[in-house]
Amino acid sequence: MEITVLCWNLFHGRDFPPDPELRSWRSRLLRLNESNETHVQVNRDLTPEFGTLLASAAWDIAMLQECPPRFAGPLARASGAEYHRVFTSRNELGFWRAALARQNPDLMASGEGGSNTTLVRVPGKLGGIAERRELEIHAGEPERRSMAFTRTASGVCVCNLHATNDKPALAVADVLLAAEAATGWAAGAPLIFGGDLNLRPAENPELFARLAADFGLGSPTTGRRAIDHVLVRGLKVVAAPAQWPPEKRELPLDGKALRLSDHAPVEARFARQDPPVLAN
């Protein structure tokens, strides 16, 4: 059985054109569209656009970070999936934050609050979600971090996290705590582990070596400068994790391109070795 995994930081449900001049304060304050010859920048709710992109992509598991909590249900419905959502930071008064973010997502930005959300397509190859767990992997400053642990009906487990940003020592601690918990909870089951780790193999080789040596989580192949990673234990790598080209996360709008998020999705494909059938 082959499993396609998509890992994507949604940038709190916002777009991110390649031309920085389009990301203007005029648009942020007045909610006006900005455009050049190729791209457009908008400041409005993009739930339908993210749903369209995810629904049209081929995946069995989608691991989303910086996902607005209000996105989880609509994205799951659009994709024919079940979801597991774990809140991260800035989620107090969530109803009011969400209402303000619908009106002006660029001004609210990360202030809307966030989640790590895992989608599993159903009925699909994995049989849906059988168990949901969560763990706070960092409390206090600079902000709360958590990981989502999802066990599918097939037995394949998923650990989805977003490690602390701009503080490598804290990010390392986040990742190691998540790896220890996830491998313990998964026991001998196949495990997919990853997300936005905010750590680069080129700068933190000891961490990735330790993940492989201590937890059996294979070395990342997304790139030595990448921060979004998908690691596995107990699965064969069929197609190594690779970032989508920028145009693959773009949608047409008024003859121009609307580019979603400031992160490129990472896609990988793995195979599970089914146990042999014993004959009498």
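Residue-wise test of (1) modelled with pLDDT of 95 or more; (2) not charged (D, E, K, R).
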| residue | (1), (2) |
| --- | --- |
| Leu135 | yes, yes |
| Ser146 | yes, yes |
| Asn165 | no, yes |
| Asp174 | yes, no |
| Asp196 | yes, no |
| Ala202 | no, yes |
| Leu211 | yes, yes |
Search result, residues across the range 181-202 that are part of a helix (DSSP H, G or I) and among the polar types (S, T, N, Q): Thr183
Members of the range 212-242 that are closer than 24 Å to Ser146 by Cα and either assigned to a strand (DSSP E or B) or in contact (Cβ under 8 Å) with a residue 60 or more places away in the chain (or both): Asp228, His229, Val230, Leu231, Val232, Arg233, Pro241
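To keep it simple, each residue is scored yes or no on (1) out of contact with any Phe, Trp or Tyr (no Cβ under 6 Å at 6 or more places or on another chain); (2) in contact (Cβ under 8 Å) with a residue 40 or more places away in the chain; (3) hydroxyl-bearing (Ser, Thr, Tyr).
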{"site": "Glu2", "(1), (2), (3)": "yes, yes, no"}
{"site": "Asn9", "(1), (2), (3)": "yes, yes, no"}
{"site": "Asp19", "(1), (2), (3)": "yes, no, no"}
{"site": "Glu34", "(1), (2), (3)": "yes, no, no"}
{"site": "Pro48", "(1), (2), (3)": "yes, no, no"}
{"site": "Thr52", "(1), (2), (3)": "yes, yes, yes"}
{"site": "Trp59", "(1), (2), (3)": "yes, yes, no"}
Lone qualifier among Ala209, Ala178 - being outside any strand (DSSP E or B), surrounded by 14 or more Cβ atoms within 10 Å (Cβ to Cβ) and of a type in the set (A, V, I, L, M): Ala178
Options Ser115, Ser110: the member that is under 20 Å from Asp196 (Cα atoms) and surrounded by 23 or more Cβ atoms within 10 Å (Cβ to Cβ): Ser115
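Each row is one residue, and each column tells you yes or no for (1) touching a strand residue (DSSP E or B) at 6+ places or on another chain (Cβ under 8 Å); (2) among the polar types (S, T, N, Q); (3) within 23 Å of Ala76 (Cα to Cα).
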| position | (1), (2), (3) |
| --- | --- |
| Leu30 | no, no, no |
| Ser35 | yes, yes, no |
| His39 | yes, no, no |
| Arg44 | no, no, yes |
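The values are calculated or read from the model by the stated rules, or taken from the named source; none is laboratory data. As the structure is a prediction and not an experimental result, all values here were calculated from the model. Here Cβ is always computed from backbone atoms with ideal geometry, including for glycine, and neighbour counts include all displayed protein chains.
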